[in-house]
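Comments concern the structure below.
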Amino acid sequence: MTSIMWFRRDLRLEDNQALAHALNNSEKLILLFQVNPKQFLENSINQQAFFASVAHFRKKVNQKLHLQILYGEPLDCFNRIKKEIPNWNHIYFNRDECGFGFTRDEAAKIFFRQNEIAVHDFLDAHLHSAQEIKTLSNDFYKVFTPYYRNWLQRPKPQPIKVAMDQKKMVSATLFPEDEKRFSDYLTTLKISPSTSVGQQAAKEKLNQFIAKNLSDYTENRDIPIKNATSHLSRYLRTGEISIRTVWQAVQEAEDSLGKETFQKELCWRDFYTMIYAANPQQKEQPIQKNFSFIQWENNEEQFRQWKDGLTGYPIVDAAMRQLKETGWMHNRLRMIVASFLTKDLLIDWRWGEQYFQQMLVDYDPASNIGGWQWAASTGTDAVPYFRIFNPTTQSKKFDPSGDFIRHYVPELANVPDDLIHQPEKMSAPQQRMTNTLIGKNYPAPIVNHQLARKRAIAAYEMSKDWAKSNYE
């Protein structure tokens with residue numbers, strides 16, 4: 001009996017549900033990673049970061065075993081394998097529950113059934129499946145707090161022991177041309193495969209967070225300059241660390257308010273996956289149909305200024321430059337820049353979501369789409385449309401001394417604390433003294449927040465009125 005272990009976003013040999021079951025139930029096992037040509041074409045920071053992790057995983061696996069690389073659409077790849085290995089009759093993988101991954105898996109299952117290949121798929125990326133936690137009336141939750149209460153009281157899965165057995169592994173390279181094509185692609189990556197990737201790096205990040213930042217997480221998590229968040233999102237996205245391993249490590253830590261708060265953050269991952277599974281069109285359409293008729297301004301020049309960190313709002317500019325420089329952005333800042341794009345600039349949230357998809361090394365479809373719909377007030381349990389972040393107020397609250405701003409916006413390095421959040425208020429002599437010339441080496445605000453706020457509220461209310469007349 002020959003089986004395949006199909007790796008996707010579970011790039012680890014430890015605590016891996018599908019791999020553990022495959023090893024326990026197979027006579028011969030092929031370790032497989034399939035590369036979709038569309039991923040090569042995209043060549044975004046997101047994809048480069050993901051393939052840097054794949055490259056690291058492949059290198060580690062190939063030290064003792066062999067990870068087969070196949071290039072092509074999934075069904076084409078499986079057809080080739082079936083012709084090469086006629087006695088292949090079992091496949092193991094950790095399932096995706098929403099988005100592209102879900103669609104891919106459903107199509108693959110049809111092929112497997114037609115070819116009499118037994119499918120063994122497992123929940124691995126989350127603590128609870130998208131279908132597991134529902135209301136008393138068996139509906140999907142729409143509000144986070146009651147979902148969290150239900151989620152918290154349920155037992156959590158424990159890490160899985162994987163008993164590696166080299167004798168079962170197929171070590172011969174099945175498709176050398178595909179392997180060469182992948183190796184050639186890796187030479188084009190701007191992100192090095194050695195840059196903080198892999199199981200060991202993920203474990204070190206987890207241990208460091210628990211030792212240094214977990215207990216004070218509640219107080220410090222919203223302050224970007226303190227860098228007090230876990231930075232585990234990248235590794236959870238690629239599966240270089242298991243969510244079960246993270247949960248167990250957190251549970252073993254001393255009780256604290258920070259521990260409780262971080263548990264809630266882990267729950268958001270499951271919540272947003274559930275929301276995406278319940279609303280499969282949410283990447284293209286607002287969940288709240290009342291806001292389907294918003295007349296977005298979609299000013300392309302202002303969108304470019306937002307992407308480049310040239311809005312004249314220092315906290316927004318610092319955040320966007322952090323994203324461009326590092327491929328990551330602090331969560332509080334993600335909320336601020338999303339609110340600014342959708343409410344202050346009145347630019348379609350889908351533009352921002354797609355840009356984050358390209359730029360984030362920790363891009364997770366369910367969480368990213370959910371976060372953008374939350375900020376745009378179009379999603380489930382979203383911020384009310386009339387509650388609009390004031391970027392200056394947010395800046396003063398979460399970067400009071402301006403240290404984070406100065407780090408990413410060096411044009412403002414000499415601006416005093418009392419003016420760092422609104423440098424346009426400096427007098428001409430102050431601008432010359434600080435070498436910050438508004439309109440020359442740092443822009444004036446591209447919109448007036450108070451006027452933009454009124455415009456946004458009017459646009460949302462008009463959409464509600466149109467929806468009422470169209471849907472009734």
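The values are calculated or read from the model by the stated rules, or taken from the named source; none is laboratory data. Just so you know, these numbers come straight off a predicted model, no measurement behind them. Positions of Cβ are backbone-derived with ideal geometry, glycine not excepted, and every protein chain shown enters the neighbour counts.
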Handout entry: Test result for residue 106, farther than 30 Å from residue 325 by Cα and in a loop (DSSP other than H, G, I, E, B)
Key = no
Problem - Some residue of segment 32-46 being buried (at least 22 other Cβ atoms within 10 Å of the Cβ), within 22 Å of residue 367 (Cα to Cα) and acidic (Asp, Glu) - result: no
Handout entry: Exclusive hit being surrounded by fewer than 22 Cβ atoms within 10 Å (Cβ to Cβ), in contact with an Asp or Glu (Cβ under 9 Å, 6 or more places away or on another chain) and of a type in the set (Asp, Glu), set 105, 76
Key = 105
Completion exercise
Of the residues in segment 49-72, those that are out of contact with any Pro (no Cβ under 7 Å at 6 or more places or on another chain), over 20 Å from residue 234 (Cβ atoms) and not in a strand (DSSP E or B) come to 62, 63, 64, 65, 66
Problem - Sole exception among (1) crowded, with 16+ Cβ neighbours inside 10 Å; (2) in contact with a helix residue (DSSP H, G or I) (Cβ under 8 Å, 6 or more places away or on another chain); (3) more than 14 Å from residue 179 (Cβ to Cβ) for residue 67, by number - result: (3)
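How many residues are β-branched (Val, Ile, Thr), touching a residue at least 24 places away in the same chain (Cβ under 8 Å) and either out of contact with any helix residue (DSSP H, G or I) (no Cβ under 6 Å at 6 or more places or on another chain) or under 22 Å from residue 454 (Cα atoms) (or both) if we restrict to segment 384-419?
Total meeting the criteria: 2.
When you look at residue 454, is it of a type outside the set (Phe, Trp, Tyr), free of Cβ contacts under 8 Å to residues at least 12 places away in the same chain and part of a loop (DSSP other than H, G, I, E, B), yes or no?
Taking the combined requirement at face value, the residue does not satisfy it.
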Handout entry: Single condition residue 280 does not satisfy, out of (1) touching a residue at least 40 places away in the same chain (Cβ under 8 Å); (2) surrounded by 18 or more Cβ atoms within 10 Å (Cβ to Cβ); (3) not in a helix (DSSP H, G or I)
Key = (2)
Handout entry: Residue in segment 416-439 that is out of contact with any strand residue (DSSP E or B) (no Cβ under 9 Å at 6 or more places or on another chain), under 27 Å from residue 287 (Cα atoms) and modelled with pLDDT of 95 or more present
Key = no
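Can we say residue 367 is within 23 Å of residue 102 (Cα to Cα), in a helix (DSSP H, G or I) and either of a type in the set (Ser, Thr, Tyr) or at pLDDT 95 or above (or both)? I'd like the intermediate steps shown before the answer.
Working: within 23 Å of residue 102 (Cα to Cα): yes; in a helix (DSSP H, G or I): yes; either of a type in the set (Ser, Thr, Tyr) or at pLDDT 95 or above (or both): yes.
When the stated conditions are applied, residue 367 passes them.
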Practice task
Go through segment 370-390 and give me each residue that's at pLDDT below 95, within 14 Å of residue 272 (Cβ to Cβ) and not acidic (Asp, Glu).
Solution key: 380, 382
Handout entry: Only one of 464, 396 that is in the same structural domain as residue 333 (by TED's automatic domain parsing) and under 30 Å from residue 293 (Cβ atoms)
Key = 464
Fill in the blank from the handout: Among helices (runs of 4 or more DSSP H) completely within segment 163-237, the ones holding 2 or more residues that are of a type in the set (D, E, K, R) are 176-186, 199-212
Completion exercise
In segment 434-454, anything surrounded by 13 or more Cβ atoms within 10 Å (Cβ to Cβ) and over 32 Å from the mean Cα position of the chain (by Cα) is listed as 434, 435, 436, 437, 438
Completion exercise
All conditions in (1) in contact with a Pro (Cβ under 7 Å, 6 or more places away or on another chain); (2) farther than 23 Å from residue 325 by Cβ; (3) of a type outside the set (Gly, Ala, Ser) are true of residue 442 except (2)
Exercise for the section: For segment 141-164, indicate whether the set of residues that are at pLDDT below 95, surrounded by 12 or more Cβ atoms within 10 Å (Cβ to Cβ) and either assigned by TED's automatic domain parsing to the domain that holds residue 366 or more than 30 Å from residue 284 (Cα to Cα) (or both) is non-empty. Expected result: yes
